[in-house]
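Here is the structure we will look at, set down as structure tokens.
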Amino acid sequence: MTTKNRTVGLSLALATSALATAVSAENRIDQIRPDAPELAAFGPHPIGVQTLAFSNPGQVDILNTTDSAQPLYDRDLTIEVWYPAATGTEQGGSYRAILRDGKTEVTLQGRAARDATPASEGRFPLVVISHGYPGNRYLMSHLGENLATKGYVTVSIDHRDSTYSDQAAFGSTLYNRPLDQRFVIDQMEALEGPLGAIIDTSQTGVIGYSMGGYGALVFAGAGVTEASTQYSWGTPAGLLSRHQAGSETHEALVDERVKAVIAIGPWGMNTGFWDTAGLAGVTKPLMMMAGGADDVSDYPSMRKIFEGMVNSNRHLLTFESANHNAAAPMPAPAESWAPVENLDFIPFEHYADAVWDTNRMNNIAQHFASAFMGLHLKGEADKSRYLELVPHAADGVVSLDDTGKVQPDHSYWEGFAQRTALGLSFETLTAGQ
């Protein structure tokens, strides 16, 4: 066989193999690796899931705004809600989600039972999940399910003008992200029936990725710069001044119900959306997660966010050598491995990282989110030990006696088995630092 024929044969074999994988794949979002850190494990609650639709009336139609006209519209949002379900609920279910190409529908498999009866007792903190640009409400579904098993109601938003199917002018995302996050909290607080009865919005957390992280920071108190309100490629007619640092409108946006924020790969500092004064407006406990090689939100710029929030107790978890897809996206669906006509990259690249296994990053994110939200939304003081770590995991010392008892000089990361924290760093700064 000639070299050319061998190459063609190999290409056909790979294509056939990829097709077979796509046909048989389960695309699971709920896998916990054997080497996952302790708090990644599922909690005691069986969980259900519902899809809800909300409409925010009288909103500025950014897509049709000009310097002379600011039309209004009803901003429709679809959300996915995971929640503790009634005892005995059989676990397992699927989701139909759109791939990064905006057209291909894929099936995801998870733990939640569709439209299951909510738990009959207890009230649970709310956690709002906000995807990137573009994205959709399933991009971080692994976090939605995982936290729900631990006694949270998690709500993931399809942000209009910012999903795979309706991606539109970036100015809409800049303007609407923090507003959508606040609106959804209001709607969940007003929700009636068995599901509404178990939600405690007075203890709310927000988790945002990329542009969702931008929105979460603005919502947490990081008002934007005056210069960013005038960008020609940004929000038109100067409307972003609604979120400008020091403005009455931005001050009114900050929500006392929100007790903790996680920003994953937050975009914005790299293009001048914050300065020292804006970042100083954040007073809520905050955790950042980032890839040390992120060239989208720019890792050095994200470090400036971390260092600049001088009035917040905050943490920075870094996945060394990871790029922008660190921690947040679910594992790449099998169907994303093949090229598509309408993208100049393979959709797989939207979900995956060249260095890190996505499932592993998801488990690590689940672990730290469980510790952080448990501490700040549930008052679980024992969770603080998972956040009091030597900055570089490689510097941690494993010191156990013959029975496995921890010795005084043991400093390996709490919740991580020996060798499993390599490649990570975790920094903490307190208000005033």
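Could you report segment 197-238's accessible area per residue, 1.4 Å probe, as an integer in Å²? Please report the intermediate quantities before stating the final value.
On the way: 1010 Å² over 42 residues.
Dividing the accessible area of segment 197-238 by its residue count gives 24 Å².
The share of accessible area on the chain that comes from carbon and sulfur is 51 percent, using a 1.4 angstrom probe. When each of the peptides 388-399, 219-230 is scored by how many other beta carbons lie within 10 Å of its residues on average, the order from highest to lowest is 219-230, 388-399. State the antiparallel share, in %, of DSSP beta bridges confined to the chain, rounding to the nearest 5. The antiparallel proportion sits near 50 percent. The simple Förster model, with R0 at 35 Å and r as the Cβ-Cβ distance, assigns Arg28 and Thr403 a FRET efficiency of 0.40. Considering only C-alpha atoms, what is the centroid distance from segment 183-208 to segment 281-359, in Å? Rounded to whole Å, the Cα centres lie 27 Å apart. Would you pull out the residues with amide H under 5 Å of Ala113's amide H, same chain only if 5 or more places away, H placed 1.01 Å from N? Long-range HN contacts for Ala113: Ile47, Gly48, Val49, Gly92. Average projection, convex hull of the Cα set of the chain: 24.3 square nanometres. For segment 251-342, a Kirkwood radius taken over Cα pairs fed into Stokes-Einstein (4 °C, viscosity 1.567 mPa s) yields D = 89 µm²/s. In the full protein context, segment 367-433 carries 52 Å² of accessible surface per residue, based on a 1.4 Å probe and ignoring ligands, DNA and RNA. Placing +1 on the Cβ of every Lys and Arg and -1 on the Cβ of every Asp and Glu, with nothing else charged, gives segment 136-268 a dipole about its Cα centre of roughly 280 debye. Quarter the surface of the alpha carbon convex hull of segment 99-187 and you get the mean projected area, 6.5 square nanometres. Return the subset of Lys150/Lys259; Lys284/Lys304; Lys103/Lys259; Lys304/Lys383; Lys259/Lys304 for which the Cα-Cα distance in this structure is over 29 Å, preserving the input order. Over 29 Å apart, Cα to Cα: Lys103/Lys259.
With the Cα gyration tensor of segment 137-193 in hand, convert its eigenvalues to equivalent ellipsoid semi-axes via √(5λ) and list them largest first in whole Å. Walk me through the numbers before you get to the answer.
Values: eigenvalues 109, 49, 15 Å².
Taking √(5λ) for each eigenvalue gives 23, 16, 9 Å, largest first.
Peptide packing for 41-48, 342-349 was compared via the average number of neighbouring C-beta atoms within 10 Å per residue; ordered from the highest value, the list is 41-48, 342-349.
Count charges around Ala116 for me, please; just the other residues with Cβ under 13 Å from its Cβ, Lys/Arg as +1, Asp/Glu as -1. Counting the neighbours of Ala116, the net charge comes to -1. Take 273-282, 123-132 and order them by the average number of nearby Cβ atoms within 10 Å per residue, most first; the result is 123-132, 273-282. Derived scalar couplings between HN and Hα for segment 243-259 equal 9, 6, 4, x, 7, 5, 5, 6, 4, 6, 6, 4, 10, 5, 5, 7, 9 Hz in order, rounded to whole Hz, by the Karplus curve 6.51 cos²θ - 1.76 cosθ + 1.60 (θ = phi - 60°), x for Gly and Pro.
Can you check what the Kirkwood hydrodynamic radius comes to for segment 316-394, Cα pairs only, in Å to one decimal?
Details: mean 1/r = 0.0688 Å⁻¹.
Across segment 316-394, the inverse of the average 1/r is 14.5 Å.
Selection among Ser241, Ala190, Tyr95 by position relative to the dipole of the chain gives Tyr95 as farthest towards the positive end (Cβ unit charges, Cα centre).
The values are calculated or read from the model by the stated rules, or taken from the named source; none is laboratory data. Not measured: the values here are computed from a predicted model. Using ideal geometry, Cβ is built from the backbone for each residue, glycine included, and neighbour counts are taken over all protein chains shown. Ligands, DNA and RNA are stripped out before the accessible areas are found, and what is left, the full protein with its side chains, is counted by its heavy atoms. Shrake-Rupley method; radii C 1.70, N 1.55, O 1.52, S 1.80 Å.
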